[in-house]
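Participant: First the structure, which I've put down as structure tokens, then a few questions once you've had a look.
The values are calculated or read from the model by the stated rules, or taken from the named source; none is laboratory data. Note that the coordinates shown come from a computational prediction; the quantities given were computed from them, not determined experimentally. Neighbour counts are summed over all protein chains in view; Cβ atoms, including those assigned to glycine, are modelled from backbone coordinates with ideal geometry. For the accessible areas, the whole protein counts, side chains as well, though only heavy atoms, and no ligand, DNA or RNA atoms are used. Shrake-Rupley method; radii C 1.70, N 1.55, O 1.52, S 1.80 Å.
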Amino acid sequence: MNQTFPLKSWVKQQANRFAPALFFIGLVLLWELVCQVGKVPNYILPSPSAIITAFFNVEFSRWMTHLWATLRVALMGFVLSIMIAIPLSIGMIRSELMNRVLYPALIVIQSTPVVAVAPLIIVLLGTEDPSRVLITCLITFFPLVVSTTTGMLETPPEMIELSQSLRAPRYRETWQIRIPYAIPHIFSGLRVSITLAIIGAVVAEFVAAEEGLGYFIQFSTSFFKIPQAFAGLIFLSVISLLLFKSVQWTQAWFFPWSLPKKK
Amino acid sequence: MESIEDSNKEPSKQAAYVSFKGVGHKYDPLPTAPMVIDSIDLDIHRHEFVAVVGPSGCGKSTLLRMVAGLLIPSHGEVSVFDRPVTEPRDDVGIVFQKANLLPWLTVRKNVLFPLKHKYGSYSANDEKRANELLEMAGLTQFADKMPDELSGGMQQRVGIIRALLLNPDILLMDEPFSALDALTREQIGFDLLDIWREHPKTLLFITHSISEAVLLADRILVMSKRPGTVLDLIDVDLPRPRSSKTINSPRFSELADLIRGYIYEPNVPA
Ligand SMILES: Nc1ncnc2c1ncn2[C@@H]1O[C@H](COP(=O)(O)OP(=O)(O)O)[C@@H](O)[C@H]1O
Ligand SMILES: [Mg+2]
């Protein structure tokens, strides 16, 4: 744009492009500086370098064991909640009665704090995967039901009239019209749910577990290995971010038409 | 196409084909609820082009839904070919104000959608028919594009040929060109007349544009404001084929003024 100072405008452009990364790096450097200069003890706020050291002090295979334990529960809970939420939403859209009966029940489940119920579930189902998956599922499925029903209700009424005028079977109205129209909403629900799934798995590990990243963080904290706890926390956030991104990539790959149009 | 050829079995062109007898409707069954439309009597001949004009909310779309069998009137009777309409009909195609194409299907698959939706699949022959329709609409090179890659006018052309896929004898159009710009709108109107001449259909066409109604239709039903009743049924005695020259004829302005009179002074008796 700036003809007279091409170099200046180039620098400006690059600065704009890398601004988020630069801001992040600046923040980490500031953090390091504060810790070093202020001589903040590691058990209050570990410095970034201490956290990195702590990360590499834990064997890779141990990280993988904990990661797998958390990921397994999170993904099973996530998939289970999809398998429950989508048919439930279809039922609620298709039957007024089902909607009237189920909706209050769903609200009750959603307003019950899962963290408080988690110990009861563990007592009921034992300390293995099933109880953890159930806890995860309870946290994740509500946003999915809400987004799926919202999306299905947003189908243009003309398309429903077209379907009725063709006397098509109801299941085709659902699968060929309503569900595809709901795809953008379903994916916003999935993006919320996948991050909630990690939270669900970690909550379950806090209650009863011998492995998993949540367990690892709790265990590190109780032994005052604060840098190690921070390393676990950051690892967990990265995994959560990657899962969130995978949902976005899945949508872009399989349903490119459902993305908002770029102007 | 076959239903057009064996038309000698059908009633003559002047006999009533779609017929409204004392039709009234209220959506709310409460006795005190207001009528949306009231005492509509109308006979539409086979392969006639009837336009419907009237203020918003006077029940034009309601009329159209009744012919499609999507709505059974609470009073009176709508019949097609002397049989009362009691359920959605196979021989009806519908075009809406918005093209309402499915954004996840290509243009060709959108055209084929009624078959896919009604029967679950379609044959190679059906695909050939879709290609013919696409060619008729001048959309052959857009057949594999996604709907959002097409202009509004092209999208509505796809909407029209989708309604023609099952070769309906009755075509219902609910303000089909309202979302288009003036130039596109005029062109697509003439294209519709071409299609209608080559593949005759009984056409019920709702519009907000008085000049569009006069330019296209054989007869114009003018409705009063709610509850919608018949204010007048106007014969459009302009010669066919109609073109942009038709607009300049004095008769065109006379008819348009007549309708304008009804719309702007709605208390004038029929
Ligand atoms: N499904 C419905 N339920 C209740 N009222 C309706 C329904 N559809 C239309 N109406 C009402 O009936 C009247 C006529 O509607 P409509 O036929 O869509 O009018 P138009 O197409 O002439 O604008 C409007 O006042 C509208 O609010
Ligand atoms: Mg309408």
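Participant: Taking the conditions exactly as written (free of Cβ contacts under 8 Å to residues at least 12 places away in the same chain and buried (at least 18 other Cβ atoms within 10 Å of the Cβ)), does A:Ala168 satisfy them or not?
Facilitator: Yes: the conditions hold for A:Ala168.
For (1) within 14 Å of chain B (Cβ to nearest Cβ); (2) out of contact with any Leu (no Cβ under 9 Å at 6 or more places or on another chain); (3) assigned to a helix (DSSP H, G or I); (4) buried (at least 21 other Cβ atoms within 10 Å of the Cβ), each residue gets a yes or a no:
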{"position": "A:Val117", "(1), (2), (3), (4)": "no, no, yes, no"}
{"position": "A:Pro130", "(1), (2), (3), (4)": "no, yes, yes, no"}
{"position": "A:Ile177", "(1), (2), (3), (4)": "yes, no, yes, yes"}
{"position": "A:Arg191", "(1), (2), (3), (4)": "no, yes, yes, no"}
{"position": "A:Phe219", "(1), (2), (3), (4)": "no, yes, yes, no"}
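Participant: In addition: Which number in (1) over 19 Å from the mean Cα position of the chain (by Cα); (2) touching a residue at least 60 places away in the same chain (Cβ under 8 Å); (3) farther than 19 Å from B:Asp41 by Cα marks the one condition that B:Pro239 misses?
Facilitator: All conditions are met except number (2).
Participant: Name every residue in the range B:63-94 that is farther than 18 Å from B:Ala16 by Cα and more than 14 Å from chain A (Cβ to nearest Cβ), in order of residue number.
Facilitator: Of everything in the range B:63-94, those that are farther than 18 Å from B:Ala16 by Cα and more than 14 Å from chain A (Cβ to nearest Cβ) turn out to be B:Pro73, B:Ser74, B:His75.
Participant: Confirm whether B:Ser56 is under 17 Å from the mean Cα position of the chain (by Cα), near ligand 1 (Cβ under 8 Å from one of its atoms), open to solvent by 60 Å² or more (accessible area, probe 1.4 Å) and within 29 Å of B:Leu193 (Cβ to Cβ).
Facilitator: Yes.
Participant: Another question, then. Go through the range B:186-209 and give me each residue that's more than 14 Å from chain A (Cβ to nearest Cβ), among the β-branched types (Val, Ile, Thr) and within 16 Å of ligand 2 (Cβ to nearest atom).
Facilitator: Within the range B:186-209, B:Thr207 is the sole residue that qualifies.
Participant: Take the range B:203-218 and flag every residue that is open to solvent by 10 Å² or more (accessible area, probe 1.4 Å) and in a loop (DSSP other than H, G, I, E, B).
Facilitator: B:His208, B:Ser209, B:Asp218
Participant: Do you know which of the residues in the range B:59-94 that are out of contact with any helix residue (DSSP H, G or I) (no Cβ under 9 Å at 6 or more places or on another chain) and within 16 Å of ligand 2 (Cβ to nearest atom) is farthest from B:Lys118 (Cα to Cα)?
Facilitator: The residue in question is B:Gly59.
Participant: Given the structure, is B:Ile44 more than 7 Å from ligand 1 (Cβ to nearest atom) and more than 17 Å from the chain's Cα centre (by Cα)?
Facilitator: In short, no.
Participant: Now, a different point. Of the residues in the range B:83-98, how many are farther than 24 Å from B:Pro176 by Cβ and touching a strand residue (DSSP E or B) at 6+ places or on another chain (Cβ under 8 Å)?
Facilitator: Residues meeting the conditions: 1.
Participant: Also: Find all pairs meeting these conditions: Cβ atoms under 9 angstrom apart; at least six residues apart or on different chains; first residue within the range B:43-63 and farther than 12 Å from B:Leu172 by Cα; second residue within 8 Å of ligand 2 (Cβ to nearest atom) and among the aliphatic types (A, V, I, L, M).
Facilitator: These pairs meet every condition: B:Val53/B:Ile206; B:Gly54/B:Ile206.
Participant: Could you count how many residues in the range B:219-247 are within 14 Å of ligand 1 (Cβ to nearest atom) and open to solvent by 10 Å² or more (accessible area, probe 1.4 Å)?
Facilitator: Residues that pass the stated criteria total 7.
Participant: Still on this structure, I have one more. Consider B:Ile220 carefully, then state whether it is more than 16 Å from ligand 2 (Cβ to nearest atom), modelled with pLDDT under 95 and in the same structural domain as B:Thr246 (by TED's automatic domain parsing).
Facilitator: When the stated conditions are applied, B:Ile220 does not pass them.
Participant: If a residue must be part of a helix (DSSP H, G or I) and loosely packed, with under 12 Cβ neighbours inside 10 Å, how many such residues does the range A:253-263 contain?
Facilitator: First, pick out the residues of the range A:253-263 that are part of a helix (DSSP H, G or I): A:253-254, A:256-258.
Adding the requirement that they be loosely packed, with under 12 Cβ neighbours inside 10 Å leaves A:253-254, A:256.
Number satisfying all stated conditions: 3.
Participant: With under 27 Å from the mean Cα position of the chain (by Cα) and either of a type in the set (Lys, Arg) or open to solvent by 70 Å² or more (accessible area, probe 1.4 Å) (or both) as the only criterion, which of A:Val108, A:Val28 stands out?
Facilitator: Result: A:Val108 is the single residue among A:Val108, A:Val28 that is under 27 Å from the mean Cα position of the chain (by Cα) and either of a type in the set (Lys, Arg) or open to solvent by 70 Å² or more (accessible area, probe 1.4 Å) (or both).
Participant: Kindly indicate which of A:Ala231, A:Ala209 is more than 19 Å from the chain's Cα centre (by Cα), small (Gly, Ala, Ser), farther than 30 Å from A:Val123 by Cα and surrounded by 19 or more Cβ atoms within 10 Å (Cβ to Cβ).
Facilitator: Result of the check over A:Ala231, A:Ala209: A:Ala231.
Participant: Residue check: is B:Ser151 within 16 Å of ligand 1 (Cβ to nearest atom) and small (Gly, Ala, Ser)?
Facilitator: Taking the combined requirement at face value, the residue does not satisfy it.
Participant: Please pick out the residue among B:Leu165, B:Leu183 that is open to solvent by less than 30 Å² (accessible area, probe 1.4 Å) and more than 30 Å from B:Asp41 (Cβ to Cβ).
Facilitator: B:Leu165
Participant: Out of all the residues in the range B:32-49, which are hydrophobic (A, V, I, L, M, F, W, C), more than 16 Å from ligand 2 (Cβ to nearest atom) and touching a Leu at 6+ places or on another chain (Cβ under 8 Å)?
Facilitator: To start, the set of residues in the range B:32-49 that are hydrophobic (A, V, I, L, M, F, W, C) comprises B:33, B:35-37, B:40, B:42, B:44, B:49.
With the extra rule that they be more than 16 Å from ligand 2 (Cβ to nearest atom), the set shrinks to B:33, B:35, B:42, B:44, B:49.
Matches in the range B:32-49: B:Leu42, B:Ile44, B:Phe49.
Participant: In addition: Which one is surrounded by the fewest Cβ atoms within 10 Å (Cβ to Cβ) among residues in the range B:72-97 that are within 16 Å of ligand 1 (Cβ to nearest atom) and of a type in the set (Val, Ile, Thr)?
Facilitator: Among those residues, the one meeting the criterion is B:Ile72.
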